């Protein structure tokens, strides 16, 4: 990636991640720590399963929507950040120099997309799979644009040509997103039956509803 694009990734990602850590520190419930740790471990394993999709890029599950649904937006962003940092530092997955862009795409943009869709369509049965698909697809499109931009501004020294990178990322991740939507929907449906208290986004009630139900 072009150095200017790499730097832009850090500049955009760090303030958002800093906010997430600050917000989580203010609101965290100690009882939720085991769930956060377990979620991070599960997503770490899921993201390690990379496979080439053509055009010099690879694809994998993200899990941002599931993180947001289970532990909320700030904690979900922290979980994604933790997973990506460990992958980069210990396994070289994603690369250290590209970590800022990976954090921007998967620890900031993907959770925000999932959160926005869940907030707008809360209560709709399709909200969970659609939020999971959208988080994967939109973050992949932005990654494709970053690759193409790097290629353009560097005269081909960095990145991948836009005509190759964008279709490869968007096309394949549109399919990967379907799988993530099915998996996320299945997990949420299962937890909704056996442990509904673990679902932050899909089960949040308004203050009026809390008063009416007396809980």
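The values are calculated or read from the model by the stated rules, or taken from the named source; none is laboratory data. This is a predicted model, so every value here is computed, not measured. Glycine also receives a Cβ, built like all others from the backbone with ideal geometry; neighbour counts cover every protein chain displayed.
Worth a mention:
- So residue 104, is it in contact (Cβ under 8 Å) with a residue 60 or more places away in the chain and either at negative phi or buried (at least 24 other Cβ atoms within 10 Å of the Cβ) (or both): yes
- Picking from residues in the range 146-163 that are surrounded by 17 or more Cβ atoms within 10 Å (Cβ to Cβ) and either part of a helix (DSSP H, G or I) or at positive phi (or both), the one that is farthest from the chain's Cα centre (by Cα) is 151.
- On the stretch given as the range 132-143, residues that are without any contact (Cβ under 8 Å) to a residue 40 or more places away in the chain and within 10 Å of residue 169 (Cβ to Cβ) total 2.
- Matching residues, the range 115-134, being within 17 Å of residue 182 (Cα to Cα) and in a helix (DSSP H, G or I): 117, 118, 127, 128, 129, 130, 131, 132, 133, 134
- Selection count where residues are modelled with pLDDT of 70 or more, surrounded by fewer than 19 Cβ atoms within 10 Å (Cβ to Cβ) and in a loop (DSSP other than H, G, I, E, B), scope the range 24-64: 2
Conditions tested, residue by residue: (1) out of contact with any strand residue (DSSP E or B) (no Cβ under 8 Å at 6 or more places or on another chain); (2) surrounded by fewer than 19 Cβ atoms within 10 Å (Cβ to Cβ); (3) at pLDDT 95 or above.
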site	(1), (2), (3)
66	yes, no, no
79	yes, no, no
84	yes, no, no
92	yes, yes, no
119	yes, yes, no
128	yes, no, no
165	no, no, no
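- Within the range 70-77, one or more residues are touching a helix residue (DSSP H, G or I) at 6+ places or on another chain (Cβ under 7 Å), in a helix (DSSP H, G or I), over 17 Å from residue 105 (Cα atoms) and at pLDDT 85 or above.
Residues checked against (1) at pLDDT 95 or above; (2) more than 22 Å from residue 13 (Cβ to Cβ):
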| site | (1), (2) |
| --- | --- |
| 136 | no, no |
| 142 | yes, no |
| 183 | no, yes |
| 192 | no, yes |
| 200 | no, yes |
